[in-house]
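See below for the structure under consideration.
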Amino acid sequence: MKTEAILRLQAYLDNEVSSADARQIASWIARDAEAKALYEELKATKDLLNAENELAVTLPESHDFYWSKIQRAIDKAEQEPVQRHSPRPWWIRLLAPVAGAAVLGVFVLTSVSFNGITGHYKEVSETDNSITFYSPEQKMTVVWIPSGNEEIVASADESDD
Amino acid sequence: MAQKPEYSTAEDPTLVKLAQKGDMVAFEQLVARHRDKIYARAFSMLRNEDDATDLSQEAWVKGWQRLHQFQGDASFATWMTRIVINLCLDQLRKLKRVRADSIDQMDDESGGVERQMPIINPNPTERLERGELRQRIDRALNQLSYEHRTVLVLHEFEELEYKMIAKQMGCSIGTVMSRLFYARRKMASLLASLKREELR
């Protein structure tokens, strides 16, 4: 018998074939003595194991001892910090990047302000990337020239005077 | 105030609900009721008392931790059995990793061997006492490889379909079918030889 045919025979025994296949296999078993013998052997083993499904195996420990070990393991697991493994709430996951961006923004703003002097800035030159800061309150203009020898040129704004 | 039920007479769903609210006494009652079944399933797969005891305890701890996930679609005992089976399969996978020969290799090597076995006259365990029958089945199961035994246990004891066994064991349905076929034929042969030994 071919492997495929044998496995179909077994699938028939296990009710794992379509009704059309089941009819075909039943008729094969009826006319083929070898198929019938194999089917009966498989069925006998299956029936035997099914009859023994209620295993006569019992736990080799007293209930109190067995339960005490389970309870200790549960207590131990519950004492461990759970935050490490628990997923963060959705709102934290959503707000975390926004908060990060905000912190970064504050950092950038504070880093471009000098001694508490905040102001507007614009790039004054495309060739040397120098930046000009202007503070209306302080009436001051600061120019940053990012060259090898960086220097800050500060001057009082006299335009309004 | 709601009165607590008598734990020993309460039905499983009642105990489960109490345990889900953190009632450890209710959970202990569930353990007392189903511990033998959970242990027996672990033992049938691992064939070792110590391993089966440890793993069944681990299953109960996991059961407690995941109790909020239990929806009651299946019975509590079935749900716990699934947990212990998964733990056994994990354990068997670890064993498989340390074994030199892989399951696939073994399947290739044994391909066709089961077809060569002579067909056994059905019912080799005729007129046996239940205890003797149990012993004989145990001895035969011990002689199967764990891959063949696992397929047999999942199919015959847990009544899982081929598809579910394949999913749980991480193999194809074809592999499940050939392992099951081999396991049954080997069992029939072992049971018959054990009978012959006893008759001598």
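No value in this document is a laboratory result; all are computed from the given coordinates. Quick caveat, the model's predicted, so the values are computed rather than measured. Cβ: placed from backbone, ideal geometry, glycine included. Neighbour counts: every protein chain shown.
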Cross-link partners among lysines for A:LYS36, C-alpha distance below 24 Å, same-chain residues fewer than 8 apart left out?
A:LYS2, A:LYS46, B:LYS186, B:LYS195
Inter-site label distance for B:GLU49 and A:ALA5 at 7 Å from Cα along Cβ, in nm
4.9
Ordering of B:62-69, A:15-22, B:170-177 by packing [mean C-beta count within 10 Å, highest first]:
B:170-177, B:62-69, A:15-22
Expected integer from the mean partner chain Cβ neighbour count at 10 Å over B:5-17 is 0
Inter-part distance where the range A:38-52 and the range B:1-71 are each reduced to a Cα centre, Å:
32
Radius of gyration and Dmax for the range B:1-99's Cα atoms, expressed in Å?
14.8, 58
Shielding of B:48-61 by partners, i.e. mean partner chain Cβ atoms within 10 Å per residue?
3
Difference of contour (0.36 nm per residue) and Cα-Cα distance, A:TRP91 to A:LEU104:
2.7 nm
Taking R0 as 51 Å, what's the FRET efficiency between A:LYS36 and B:VAL25 from their Cβ-Cβ distance, rounded to 0.05?
0.35
If R0 = 22 Å, then A:PHE65 and B:GLU6, at their Cβ-Cβ distance, give a FRET efficiency to the nearest 0.05 of 0.35
Project the alpha carbons of the range A:3-53 onto their principal axes and report the range along each, largest first, in whole Å.
31, 23, 19
Near the amide H of A:MET140, under 5 Å away, which other amide H atoms are found, from residues 5 or more places off or on another chain, if H is placed in the peptide plane?
A:SER135, A:ASP157
A chain fully extended from B:GLU159 to B:THR78 at 0.36 nm per residue, minus the present Cα-Cα distance, gains in nm 28.0 nm
